[in-house]
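Each reported figure results from applying straightforward, stated rules to the coordinates on display, with no laboratory input. What you see is a predicted model; the values in this text were computed from it and never measured. Cβ placement follows ideal geometry from the backbone for every residue including glycine, while neighbour counts extend to all protein chains displayed.
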Amino acid sequence: MPDSQSNANLGLMVRAESGPGVLHQLTGAIARHNGNITLVEIIESRPPEARIYFEIEVPGPAALLVEDIRALPVVRQALPVKTFQKIYGKRIIIMGGGAQVGQVAIGAISEADRHNIRGEHISVDTIPLVGEQPLADAVRAVARLPRARALVLAGSLMGGEIEKAVREVRAEGLLVISLNMAGSVPDAADFVVTDPVQAGVMAVMAVADTAKFTPARLTRRVF
């Protein structure tokens, strides 16, 4: 459980009754402690029980909030846990053709391991996908993923609706790296890397606090 100091970042796993108004009761208890909910996820909702995960910034002793949650009649268990940010940290998302995705992942996982040993928390997620619309939908969805910091697009040809999606997520602050491929996606990305292993390495370096690499300071876009 996080230290009971000001602005504690609390992860809370709640088992409660499943039904209308349960989430309202839980968030009401959090609001009474001036807690700021930074993440909420209904992991499972199968009557008669639901499992709900919260991440909460608590301006005071977190133990008092936990006790009030446990006192609610609808709650069966409330267990403080480490937050996803603490365990999994920043996320690198790699999507596209299976072979290219695998090669990018080799670079990203190797580099993330080097930084995680030094105290970072960086995780790597992959999804092999083909087709313009599925890829465009997946790109837009990355902006909704918690803790996603960078997206690597790995394929041989991407453009059209995928390019539009790339520009949209970049406008929301997501770093997008593209392999050097045919289509208009490389023109829309932050920068372009020819070697897939190097693309994975650069994606991790770009988000790691333990790396001295700032994409905004690059003098060229294609590598």
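The lysines whose alpha-carbon is closer than 21 Å to the alpha-carbon of LYS82, local same-chain residues fewer than 8 away aside, are LYS90.
Each residue of segment 157-162 was assigned a 3J(HN,Hα) from its phi angle through the Karplus expression (A = 6.51, B = -1.76, C = 1.60, θ = phi - 60°), giving 7, 9, x, x, 5, 5 Hz with x at Gly and Pro.
Looking at the chain, what % of its DSSP beta bridges pair antiparallel, to the nearest 5?
Beta bridges within the chain, antiparallel portion: roughly 55 percent.
A value for Cα Rg over 2.2 N^0.38 Å was derived from the coordinates, and within the list (1) 1.01; (2) 1.19; (3) 0.97 it appears as (2). Under a 5 Å amide H cut-off, with hydrogens placed 1.01 Å from N, GLY60 pairs with ASN7, ALA8 among residues at least 5 apart or on other chains.
Once each part is reduced to its C-alpha centroid, what is the distance from segment 1-75 to segment 157-215 in angstrom? Cα centres, segment 1-75 to segment 157-215: 36 Å. Cβ crowding within 10 Å, taken as a proxy for footprinting-reagent exposure, orders ARG76, ARG91, ARG32 from fewest neighbours to most as ARG32, ARG76, ARG91.
Residue order for ARG118, ARG167, fewest other beta carbons within 10 angstrom first, comes to ARG118, ARG167.
A dipole drawn for the chain from +1 and -1 charges on Cβ atoms has a positive end, and of GLY35, LEU23, LEU135 the residue lying farthest that way is GLY35.
At 0.36 nm per residue, minus the direct Cα-Cα distance, what do ARG167 and TYR53 gain on full extension? Give it in nm, one decimal, please.
Value of the extension gain: 37.9 nm.
For segment 8-83, the square roots a ≥ b ≥ c of the C-alpha gyration tensor eigenvalues yield an a/c of 1.5 or more together with a/b exceeding b/c, which makes the shape prolate. The simple Förster model, with R0 at 22 Å and r as the Cβ-Cβ distance, assigns LEU145 and LEU218 a FRET efficiency of 0.30. Ordering VAL197, VAL169 from the fewest to the most neighbouring beta carbons within 10 Å gives VAL197, VAL169.
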